[in-house]
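Participant: Here's a structure for you.
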Amino acid sequence: MPQLEILESLPLRPLAQPEVPVVSVVLPAHNEGDGIRLALETIAGVLRQCNVSFELIVVDDGSRDDTFARVQEAAARHPYVRGLRFSRNFGKEAALLAGLRVARGQAVITMDADLQHPPSAIPELLRCWREGAKVVHAVKRDRSTDSRMQRLRAQLFNGLISRFGRIDLANASDFKLLDRVAVDVLIERLPERGRFYRGLAQWIGFPQANVQFNVAPRIAGAGKWSLLGLVNLAMTAILSFTSAPLRLVTILGFVTLVFAGLVGGEALMSWVQGNAAAGFLTLEFTLLIIGSFVMISLGIVGEYIARIYEELKGRPAYLLEERVGFEDDAGKR
């Protein structure tokens, strides 16, 4: 049997810590070898001060550096560290899903492995959870550590999602705490492959709360998000949460019809008055406008069809190559 099939079929049971932890922390990581050890130590220190049992789950999203080797070293020293490694880069959304699926905690915290999501905010997340919130969103107080271009891209992204997706993502992040009830809903009741975690965490409802935090500098390396990656995530978010783009196609159709009627009416009046109708320039301009609307409409419809096609294929959101910290660990070599 191929190695990947073995890994997918084996149960993911933790080693040497049979009790269910109070808190699970899921850390998607891509090329974070320089900082992952410090991240694990810092987060573990904060959770010890909170006096709760915990586990730290690192999901290596196809890193090309020694990220997973560092996780293996940490897991050998600390039984609360566990790691999953994808066979290739499947994206942050897939990494979050994989982490949520294996997390056992009564509360699950998702945060970045570069410590830009400060562990110092964890006690406040836990306080809101203990007061009854099932979903606690960590909301950015400011983005002073980002460059002007990064802030502009984030504003454009959040604005598009909030406008068309009808969910408020102002300064939202993947830094969240989910109660076990919310986690089970996300992984069992929402089977879609094209996922947008920030939006789904709001969409499921339940009592929710916000905690503000200041974005911290990265402990090592550089940011992984590109403009193309943000555009793709924005498309996934919009197409997953609203049919507004399809309504835009209808609006464009009516606009084209009105424009064609005006041009046709002007040509008819010129003919009735005995004047020469407009020449090729007017005709060329009209055809370009109509052609542009048609191509935009086809593109919008095509994006929805592509999403449907991806869902119907039924391919897994990710494939595991290695793992560490679980029983029957076939990934150990």
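The values are calculated or read from the model by the stated rules, or taken from the named source; none is laboratory data. Please read all numbers here as calculations on a predicted model, not as lab measurements. Here Cβ is always computed from backbone atoms with ideal geometry, including for glycine, and neighbour counts include all displayed protein chains.
Participant: Any chance the range 68-81 includes a residue that's hydroxyl-bearing (Ser, Thr, Tyr), more than 17 Å from Phe175 (Cα to Cα) and either modelled with pLDDT of 90 or more or assigned by TED's automatic domain parsing to the domain that holds Val215 (or both)?
Facilitator: There is at least one residue in the range 68-81 that is hydroxyl-bearing (Ser, Thr, Tyr), more than 17 Å from Phe175 (Cα to Cα) and either modelled with pLDDT of 90 or more or assigned by TED's automatic domain parsing to the domain that holds Val215 (or both).
Participant: Then there is this: Please work out which one of (1) part of a helix (DSSP H, G or I); (2) under 21 Å from the mean Cα position of the chain (by Cα); (3) small (Gly, Ala, Ser) is the condition Ala69 fails and give its number.
Facilitator: Tallying (1) part of a helix (DSSP H, G or I); (2) under 21 Å from the mean Cα position of the chain (by Cα); (3) small (Gly, Ala, Ser), Ala69 fails exactly one: (2).
Participant: Considering (1) at pLDDT 80 or above; (2) under 30 Å from Leu84 (Cβ atoms); (3) in a helix (DSSP H, G or I), say which one Glu310 fails and leave the rest.
Facilitator: Checking Glu310 against (1) at pLDDT 80 or above; (2) under 30 Å from Leu84 (Cβ atoms); (3) in a helix (DSSP H, G or I), the one that fails is (1).
Participant: Among the residues of the range 122-134, are any under 20 Å from the mean Cα position of the chain (by Cα) and free of Cβ contacts under 8 Å to residues at least 60 places away in the same chain?
Facilitator: No, because not a single residue in the range 122-134 is under 20 Å from the mean Cα position of the chain (by Cα) and free of Cβ contacts under 8 Å to residues at least 60 places away in the same chain.
Participant: In the range 217-231, what count of residues is obtained for those that are in a helix (DSSP H, G or I) and either among the β-branched types (Val, Ile, Thr) or modelled with pLDDT of 70 or more (or both)?
Facilitator: 1
Participant: For the range 79-96, give me each residue that is under 18 Å from Asp66 (Cβ atoms) and out of contact with any strand residue (DSSP E or B) (no Cβ under 6 Å at 6 or more places or on another chain).
Facilitator: Correct list: Phe86, Arg88, Asn89.
Participant: Being free of Cβ contacts under 8 Å to residues at least 60 places away in the same chain and not in a helix (DSSP H, G or I) is the filter; apply it to the range 174-213 and report the residue that is nearest to Leu125 (Cα to Cα).
Facilitator: Going through the qualifying residues, I end up with Gly205.
Participant: Just name the residue that is surrounded by the fewest Cβ atoms within 10 Å (Cβ to Cβ) out of those in the range 314-332 that are at pLDDT below 80 and either under 29 Å from Ile251 (Cα atoms) or of a type outside the set (Gly, Ala, Ser) (or both).
Facilitator: Ranking the qualifying residues of the range 314-332, first place goes to Lys332.
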